[in-house]
Each structure stands twice: as structure tokens, then as C-alpha cells.
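Peer 1: Structure provided below as C-alpha cells; questions to follow.
Please treat every number below as a calculation from the coordinates, not as lab data. Keep in mind that what you see is a predicted model, and the values were worked out from it rather than measured. Glycine also receives a Cβ, built like all others from the backbone with ideal geometry; neighbour counts cover every protein chain displayed.
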Amino acid sequence: MTVALPHQRPPVDFRIVDLFAGPGGLDMAATILDVPSVGIEWDANAVRTRTAAGLHTVHGDVRSYGPEDFPEENVLAGGPPCQSFTVAGSGAGRRALEELFEYVQRLVDREARADIDADLAEMDDDRTGLVLEPLRWALSAIDDPDLRPYEAIVLEQVPAAIRVWEEYAKVLDKEGYSVDYDVLHTEAYGVPQTRRRAILVARRNPHKAALPDPTHHRYRKGAPRPENDFVLQSWVAMEDVLTERTSPFQVVSNYGTGGDPKLRGRRRSCEPSATVTGKVSRNRIVTDDAAERDMARLSPSEAGRLQTFPKRFPWSGGDIAQQIGNAVPPRLGIHVLSSALGLPLPGKDEWHALAEWSPEARDEVEADVPH
């Protein structure tokens, strides 16, 4: 079946360079929106998945490149690893943040950039330096007389990264950007999962940056499922997308609440999934009855659909569960990119194209596009 993508050309010819691109969640969103993108990714497993999906990919370390290597791309996106400071309240996390903010100021103060790479190389956790890469790229594009500043910037990470985006926003505001950032709840955008992500969007003045408005109700544990109304739709349940599972079921988390293995989190099939992590393959699927008979565990296709990847997305290579858990949900990416780039609100055409996408259909569509 050939899926016709909703070719709605934006007023500006946007082209995205996606740093730390992973298996391709944001690039899938760009594909559905008909916005060209190229992703930089060092993990060989994620690169195999991207290659199987036909996503334009550079296999390498983001630190080895800069905007001068991608002069046609005018949108900067990325989700740099933030593990070094995401442990809430930990002394190590606070120190990592303080170090990071010092380096941010060194990047902003152009004369203080000397030897910054050598200093970063001596840090205990080089992921702190990786967090600086989107800002390095953005400032380099501004400073290089042969390049143009990025028209838009889109950044995504775990909720604790909001402190970093706040610091980025201060810098980008002074560099001529309008900035909006917040922690978004994915189920409020039609993702069948209660995942929280820190999102920053920036637009070059005079354009106004804005995060997307929610389209669905938030999930409230124990509260009845809300009805659709004139403003918001009901959240999406696991059973709405895992339609091949015809019997009610529960997902029993691999994690024990408070460290107690007897207190594992549970979600019923008539609810959204809990956050899909790199350990999703370890979750138990049991029948929704007192006997709790074990059922087959989630397949990569099913786990991917809880992240809103298409059913036929070609997960490849090793460590697929980790690839899925690390990915940006494409449906959230469509909402964020549409808002960040000033595109029309996504609707049924985009959601149909995303659900029915396949590598074969993508090839057929691209063959019809004149080169």
C-alpha cells in the first residue's frame, strides 16, 4: 500500500540537521511533514535502524562536525545526553550543572573559548560536554560570516534538562532568538504513554517561538477516562494501538516502586503505557484477571507503537529495546516541529501517514518526486 505524504510546503524551505539523532523519531516526524533532515548518530545499532528506514544519516561523533559541514541545513535539532546531572538532588548532579553553566558562559564570551575542548576532555563525565554541542553549533553559525544563523532550534531531553534549557534560553534570547521551553506530557499530544520530556524551541527574530498546544486530556491515575470535548480528545490507551491483543491485559513494570520488587508499577490495557524505557523488553504482560497468566512480552513493533513509531518501522541491529526507549516519539515530534516551524496544525492526514508508513511506501513516494 502506498502512503501519500501530506506535502504541505512551508513558506521557508526548512532543512533539519539532527544532532544525537538516535533511531529516528524526530526524523520520522520530519518525513511526515515533508521537511528534509539529516541525522548525526554515533551508535552503530541506531545507525542500522536508520539505514533500514531510509533516513539520511551521518555515522559519526557530533563533536567532529559543525554547521560549516551542513551549510544548507537551517534548523538545528538535538537531544544531547544529560545523564551526568539528571539525578535529582544529588551533589554530583548539582556540581555537573554548575560546571556546565560555567562552560556555557565561556562559549558566550567568545574570547574565553580558547582551550575549552581540552578542558572538557579532562572532565570526569564527557557527557557534560556533549550537552554543550547544540549551543556550540548555534553560536558557530551566528559567528561564521560564511553561514547564516539557524532559523529555528528544537531541543529535547528528560525533564531534568529543563534547567539546561533555561540557561540556553537566556543565551539565545541575547543572540536574537525568541524562545519557549517547558516540560511536556506526551499523552497530551496523542501518545499512548505517560512520558515527560523537556522541550525547547527557538525562532530567529522577528518570528515568535511557541510550544504546541495540547490536543488530548492528561492522564490522571484512578480518574475515569475523560470524554472528547470541543477542545481536547481523550488520552490514547495501549489497547487503541496494540489492536492484535484482543484480550485485556496488564503491563507489570520491571521496576519496583521505592526499590521494593513486590511493588511493581502496573498499567491496564485500557490506560496509557507508563514511560517506555530501555528496559521495556523486561516488562511482564499478564492477563487482566486474578490468575495473572503470563502472555508474550511486548515485541519491538508493539513497544515502538507505544512510542508512536509506525507498525512496520524496521528496528534493526542490537539493543533494540534501548533504541526504542531512547527515541523521541514521532507523534510528539510532529507537534513540536509543526509549532516550531510555523507549519499548519497536524491532522488526520499526518496521523494516517505516520501509522501506515513503511520503508516500501516511502521508497514509492520518493520515486514519484522529481529530482
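Peer 1: Over 24 Å between C-alpha atoms is what I'm after, so list which of Lys221/Lys348; Lys208/Lys348; Lys279/Lys311 land there.
Peer 2: Distance filter (> 24 Å) returns Lys221/Lys348; Lys208/Lys348.
Peer 1: I've got another one for you. Taking 8 Å as the Cα distance limit and 6 or more residues as the minimum spacing, I'd like the relative contact order of the chain as a percentage.
Peer 2: Reported relative contact order: 19 percent.
Peer 1: Would the range 112-194 count as rounded, prolate or oblate if I go by the C-alpha gyration tensor, calling it rounded below 1.5 in a/c and otherwise prolate when a/b exceeds b/c, oblate otherwise?
Peer 2: In terms of gyration-tensor shape, oblate.
Peer 1: Quick one: net charge around Ala210, please, counting Lys, Arg +1 and Asp, Glu -1 for every other residue with C-beta under 12 Å from its C-beta.
Peer 2: -1
Peer 1: Tell me, what ³J(HN,Hα) does each residue in the range 152-160 have, in order and in whole Hz, if you take phi through Karplus 6.51 cos²θ - 1.76 cosθ + 1.60 with θ = phi - 60° and put x for Gly and Pro?
Peer 2: Working through the residues one at a time gives 8, 9, 10, 10, 9, 6, 5, x, 5 Hz.
Peer 1: Right, another one. Which net charge results for the neighbourhood of Ser64, defined as the other residues with beta-carbon distances under 13 angstrom from its beta-carbon, given Lys and Arg at +1 and Asp and Glu at -1?
Peer 2: The answer is -4.
Peer 1: Shifting gears a bit: Sort 240-247, 151-158 by packing, meaning the average of other beta carbons within 10 Å per residue, with the highest value first.
Peer 2: Sorting 240-247, 151-158 by mean packing, highest first, produces 151-158, 240-247.
Peer 1: Less than 10 Å Cβ to Cβ from Val158, Lys/Arg counted +1 and Asp/Glu -1: what total charge do the surrounding residues give?
Peer 2: Value of the local net charge: +2.
Peer 1: Something else about it: So how tilted is helix 162-174 from the main axis of the chain? Cα-based, degrees 0 to 90, rounded to 10.
Peer 2: That works out to roughly 40 degrees.
Peer 1: How much length would be gained if the chain were fully extended between Ala52 and Glu244, taking 0.36 nm per residue of separation minus their Cα-Cα distance, in nm to one decimal?
Peer 2: 66.7 nm
Peer 1: In whole Å, what are the extents of the chain along the principal axes defined by its C-alpha atoms, from largest to smallest?
Peer 2: Computed over the Cα atoms, the extents are 67, 55, 42 Å.
Peer 1: Further, regarding this structure: Using modelled amide H (1.01 Å from N, peptide plane; none on Pro or chain starts), what sits under 5 Å from the amide H of Arg312, excluding residues fewer than 5 places away?
Peer 2: Residues meeting the criterion, in which the H sits 1.01 Å from N, do not exist here.
Peer 1: Would you please classify the overall shape of the range 39-84 from the alpha carbon gyration tensor, given that a ≥ b ≥ c denote the square roots of the eigenvalues, rounded means a/c under 1.5, and beyond that prolate means a/b larger than b/c while oblate covers the rest?
Peer 2: oblate
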